[in-house]
Amino acid sequence: MKIYTRTGDSGQTSLVGGKRVPKTHPRLEAYGTVDELSSHLGLLSSLLTDEHHRDVILSVQQTLFDLSAILATEAESKWQPEPLPASLVERLEAEIDALQQKVPVMRAFIIPGGSQAASQAHVCRTVCRRAERCILALTEEIEVSAEVLRYVNRLSDYLFVLARHLNVSKGIQEITH
């Protein structure tokens, strides 16, 4: 099977279900940004030394793949992806709570930076926030489940706390403003 189909050469692509839309369609902006986030998470994972953190990131990437399928699937499609279970948000919240026990209480704004892994976690966080904005813009055209929005919102919180933890665990002083 060839990787190229030539069907997108005119600036159109197919959603799950077959409908052709411009590559600038809000659906593509949303799931394309989620894909970008997953790629950044792959880089973050390569910088992590803790197996548990790598496992969490891989799980998040797998969830983002499912989330992208949800965003790419028309309501009229015969095939429908499984909805995101609420337990995924609960898992992120548990990770956030565990990490917050390991970092000092925040008393000022944190300037992104520090170790290479923490800096990459901040990049992931900002791409995640952009993905959230793209998904919110998409809700003006189609219905998007509350779980999708909750997951992406909580994911950015997780990435922020992970970045803080990565710096603290390396003894790197956070820069505040």
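Derivation of every value follows stated rules applied to the coordinates shown; laboratory data play no part. None of these values were measured; they are calculated from a predicted model. Positions of Cβ are generated from backbone atoms using ideal geometry, with glycine treated the same way; all protein chains shown enter the neighbour counts.
Among Thr49, Thr126, which comes first, then next, by fewest other beta-carbon atoms within 10 Å?
By the 10 Å Cβ count, ascending, the order reads Thr49, Thr126.
Please work out the FRET efficiency for the pair Met1 and Glu90, using the Cβ-Cβ distance as r and a Förster radius of 35 Å; give the result to the nearest 0.05.
In this case the efficiency is close to 0.35.
Determine the relative contact order of region 20-177: mean sequence separation of Cα pairs under 8 Å and six or more apart, normalised by residue count, in whole percent.
32
When a footprinting reagent is the concern and you count Cβ atoms within 10 Å, what order do Ile3, Ile175, Ile70 take, fewest first?
By the 10 Å Cβ count, ascending, the order reads Ile3, Ile175, Ile70.
Assign unit charges at the C-beta atoms only (+1 for Lys and Arg, -1 for Asp and Glu), then state the dipole size of region 24-176 relative to its Cα centre in Debye, rounded to the nearest 20.
680
Given the peptides 36-48, 11-23, arrange them by the average over their residues of other C-beta atoms within 10 Å, most packed first.
With the highest mean Cβ count within 10 Å placed first, the list reads 36-48, 11-23.
What per residue convex hull volume, in Å³, do the alpha-carbon atoms of region 68-177 yield?
In region 68-177, the Cα hull volume divided by residue count equals 107 Å³.
For region 25-42 and region 86-148, what is the separation of their C-alpha centers, rounded to whole Å?
Computed from Cα coordinates, the inter-centre distance equals 15 Å.
How large is the helix-only mean residue ellipticity at 222 nm for the chain, computed as the sum of -39500 (n - 2.57) over DSSP H runs with n ≥ 4, divided by its residue count, in deg cm²/dmol to the nearest 500?
-21000 deg cm²/dmol
Run the quick spin-label model on Glu36 and Ala137: label points 7 Å from Cα toward the beta carbon, then report their separation in nm to one decimal.
1.0
Please find the FRET efficiency linking Lys170 to Gln62, where r is the Cβ-Cβ separation and R0 is fixed at 25 Å, and quote it to the nearest 0.05.
0.35
Report the local net charge at Asn167: Lys and Arg +1, Asp and Glu -1, summed over other residues whose C-beta lies under 13 Å from its C-beta.
Around Asn167, the charge tally is +2.
If one takes the longest principal axis of the Cα atoms in the chain, at what angle in degrees, from 0 to 90 and to the nearest 10, does the Cα axis of helix 116-138 lie?
40
Give me the net charge for the shell around Ile111: Cβ to Cβ below 14 angstrom, other residues only, Lys and Arg +1, Asp and Glu -1.
+2
Excluding His177 itself, what net charge comes from residues whose Cβ is under 15 Å from its Cβ, given Lys and Arg +1 and Asp and Glu -1?
+1
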